[in-house]
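Read the structure below first, then the notes.
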Amino acid sequence: MSVAVLVVSERVVGEVPDVTFELLGKGREIASALGGELAIAVLGHQVGELPFGAADVAYVVDDPALANYAASAVEAALAAVVEAASPKVVLMSTGTVGLDLAASLAARLGAPMASYAVDVATEGDTVVATSQLYGGKLLAEVALEGSPAVVSVIPGSFAADAGRVGGAPRIETIAVSLDGAGARGEGVREPEASGVDITAADLLVSVGRGIGSKENLELVQELADALKVPLAASRPIIDQGWLPKPHQVGKSGKKVKPQVYLALGISGAPEHLEGMRSAGTIIACNTDPKAPIFEVAHYGTTVDLFDLVPELTERL
Ligand SMILES: Cc1cc2nc3c(=O)[nH]c(=O)nc-3n(C[C@H](O)[C@H](O)[C@H](O)COP(=O)(O)OP(=O)(O)OC[C@H]3O[C@@H](n4cnc5c(N)ncnc54)[C@H](O)[C@@H]3O)c2cc1C
């Protein structure tokens, strides 16, 4: 049987992240519809102990040049896997690896591509991706004619459980010369430690650009202090230097999963949702009733945060 779907593992260091299992679960559905196998590409060094989830076959490139992440080496390894597996669909995530490689892989292969997908389906032999545009304000349905169709999927779009279940896949070891790959990963290290750990909190007060200025942050800091929880924030707050990086939630910040996430003046861009959509209860305050944050919020209000926050702090 030929390979229908190739999932690219999103792991860079540590454990295989949930999104890889999400892709394997969805990949299994698509592979069944297309009548082929589900494969996973595992690119790294000394990767022997990694789980392969629901994959029927694992294509492994194990090379010292992949010990530390560098996009061009990983892309060269991935291209060799795609050539060997000859899949109809390549599924990646819009995470670290997928953002780096999906577009360049598609360009290298001359393959059709859709990014920021929240769903992937088939119509006959054609792959159809549903992609978010304008931070989720529009959904585009894109039919990908040609093979392989490269799709990068927003993490959190599918359940991960189905993708974890599996037996022992066939292992295909791919040898590839990465000498001319260009960039070489020299090491990976944790950023400087800070006193704040927003990933450990059961409740988070999180603030976005709706706060307007650095001076106004005092208002939400008082609320966080009253609740005895750390203050989290969307990326613009960090980019403007209003709070240090360890406070950032999202794609390029921390992934948090508190029992309660209070989002104040945060629009709910996909990159922010990526970091907090698994929170137990999401409560959003945003004056724009059409803000995408309300699509994931369990409770919401369009009251002005400058009215809500002092009132809340006082009551607490
Ligand atoms: C590669 C990449 C990585 C990224 N990584 C991250 C990331 O890790 N984390 C992240 O957050 N973003 C990230 N972003 C940026 C992301 O796309 C958004 O730009 C960002 O999340 C928007 O932040 P915001 O919601 O605070 O601001 P805005 O989108 O400007 O939203 C502000 C919201 O406040 C509301 N508002 C205004 N005044 C009030 C008021 N008085 N009361 C109540 N509500 C009010 C407005 O209606 C608006 O919805 C990334 C982007 C890229 C391209």
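Label 7 Å along Cα→Cβ of Ala168; region 17-50 residues with amide nitrogen under 17 Å?
Hits in region 17-50 for Ala168 at 17 Å: 48-50.
Relative contact order of the chain: what whole-number percent is it, with Cα pairs under 8 angstrom and at least 6 residues apart? Numbers along the way, then the final one.
Numbers: 719 pairs, mean separation 49.7, N = 316.
Relative CO of the chain lands at 16 percent.
With a cut-off of at most 14 other beta carbons within 10 Å, and DSSP calling the residue loop, which GluC sites (Glu not before Pro) in region 136-182 qualify? Please list them. The partial results should precede the final answer.
Working: sites: Glu141, Glu145, Glu172; in loops: Glu145.
When the GluC sites (Glu not before Pro) of region 136-182 are filtered for loop state and at most 14 Cβ neighbours within 10 Å, Glu145 remain.
Across 10 Å bins from 0, what is the distribution of all Cα-Cα pair distances for region 198-315, in whole percents?
Answer for region 198-315: a P(r) of 16, 53, 31, 0 percent.
At R0 = 41 Å, how high is the FRET efficiency between Leu308 and Val188 if r is their beta carbon distance? Nearest 0.05 is fine.
Numbers: r = 41 Å, r/R0 = 1.01.
Computed FRET efficiency for Leu308 and Val188 comes out at 0.50.
Might you tell me the accessible area per residue for region 161-316, computed with a 1.4 Å probe and given in Å²? Let's see the in-between values first.
Details: 8870 Å² over 156 residues.
On a per-residue basis, region 161-316 sits at 57 Å².
Only bridges with both residues in the chain count here: give the DSSP antiparallel percent, nearest 5.
Details: 13 of 57 bridges.
Taking every DSSP beta bridge with both residues in the chain, the antiparallel ones total about 25 percent.
Which far-off residues, 5 or more places away or on another chain, put their amide H under 5 Å from the one on Val3, with H placed in the peptide plane?
Amide H neighbours of Val3: Glu37.
Could you point to the residue in Ser206, Asn216, Leu243 farthest towards the positive end of region 163-249's charge dipole, with +1 and -1 charges on the Cβ of Lys/Arg and Asp/Glu respectively?
Of the candidates, Ser206 comes out farthest on the positive side.
Tally up the carbon and sulfur contribution to the accessible surface of the chain as a whole percent, 1.4 Å probe, everything protein left in place. Present the calculation step by step, with values, prior to reporting the outcome.
Working: 7360 of 15010 Å².
Percent of accessible area from carbon and sulfur atoms in the chain: 49.
For region 202-239, state which trypsin sites (Lys or Arg not before Pro) are in a DSSP loop and have at most 11 other beta carbons lying within 10 Å of their beta carbon. Numbers along the way, then the final one.
Details: sites: Arg209, Lys214, Lys228; in loops: Lys214, Lys228.
Qualifying residues, ordered by number: Lys228.
For Ser252 and Ala33 in one chain, what is 0.36 nm times their gap in residues minus the Cα-Cα distance, to one decimal in nm? Present the calculation step by step, with values, prior to reporting the outcome.
On the way: separation 219, 0.36 × 219 = 78.84 nm, distance 3.43 nm.
Length difference between fully extended and current span is 75.4 nm.
For region 1-56, with equal point scatterers placed on the C-alpha atoms only and solvent neglected, what are the log10 I(q)/I(0) values from the Debye formula at q = 0.28, 0.29, 0.31 1/Å, to two decimals?
-1.10, -1.15, -1.26
Show me the helices of the chain, taken as full DSSP H stretches, that run 30 Å or more along their long axis by Cα and average 0.0 or above in Kyte-Doolittle hydropathy. Intermediate results must be reported in sequence, preceding the final value.
Details: long enough: none.
Flagged H segments: there are none.
With an 8 Å Cα cut-off and a minimum separation of 6 or more residues, compute the relative contact order for region 3-173 in percent.
31 percent.
Sum up the charges of everything whose Cβ sits under 13 Å from the Cβ of Gln240, counting Lys and Arg as +1 and Asp and Glu as -1, but leave Gln240 out. Mind showing how you got there, number by number?
On the way: positive: Arg209, Lys214, Arg235, Lys245; negative: Glu215, Asp239.
Spelling it out: positives minus negatives among the neighbours equals +2.
Probe radius 1.4 Å, ligands and nucleic acids left out: which of Lys255, Lys26 has the largest accessible area, and how do the rest follow?
Details: Lys255 105, Lys26 25 Å².
Per-residue accessible area, sorted high to low, gives Lys255, Lys26.
Can you tell me the FRET efficiency between Lys228 and Asp119 if r is taken as the Cβ-Cβ distance and R0 is 35 Å, rounded to the nearest 0.05? Mind showing how you got there, number by number?
Working: r = 40 Å, r/R0 = 1.14.
That gives a FRET efficiency of 0.30.
Just going by the charge dipole of region 3-173, with Lys and Arg at +1 and Asp and Glu at -1 on Cβ, which of Ala41, Ala114, Ser86 is farthest out on the positive end?
Result: Ala114.
Hey, any idea what the orientation-averaged projected area of the convex hull of region 3-173's Cα atoms comes to, in nm²? It would help to have the intermediate numbers written out before the result.
Values: hull surface 35.0 nm².
Answer in nm², one decimal: 8.8.
From the cross-link list Lys214/Lys254; Lys137/Lys214; Lys26/Lys254, which pairs have alpha carbons spaced over 23 Å apart? Kindly include the intermediate steps, with their values, before the conclusion.
Working: Lys214/Lys254 21 Å; Lys137/Lys214 28 Å; Lys26/Lys254 25 Å.
Those over the limit are Lys137/Lys214; Lys26/Lys254.
Given a Förster radius of 41 Å and the C-beta distance between Glu49 and Thr126 as r, what FRET efficiency does 1/(1 + (r/R0)^6) yield to the nearest 0.05? Walk me through the numbers on the way to the answer.
Values: r = 38 Å, r/R0 = 0.92.
Once the sixth-power term is evaluated, E becomes 0.65.
Separation between the Asp202 and Glu218 pseudo-spin-labels, each 7 Å from Cα along Cα→Cβ, expressed in nm?
3.1
List the residues of region 249-273 whose backbone N lies under 13 Å from a point placed 7 Å from the Cα of Tyr299 along the Cα-to-Cβ direction.
Correct set: 260-263.
How long are the semi-axes of the equivalent ellipsoid of the chain, defined as square roots of 5 times the Cα gyration tensor eigenvalues? Whole Å, largest first.
The equivalent ellipsoid of the chain has semi-axes of 39, 22, 16 Å.
The values are calculated or read from the model by the stated rules, or taken from the named source; none is laboratory data. These numbers come from a predicted model, not from an experiment. Using ideal geometry, Cβ is built from the backbone for each residue, glycine included, and neighbour counts are taken over all protein chains shown. Just so you know, the surface numbers come from the protein's heavy atoms only, side chains and all, with ligands and any DNA or RNA stripped out. Shrake-Rupley method; radii C 1.70, N 1.55, O 1.52, S 1.80 Å.
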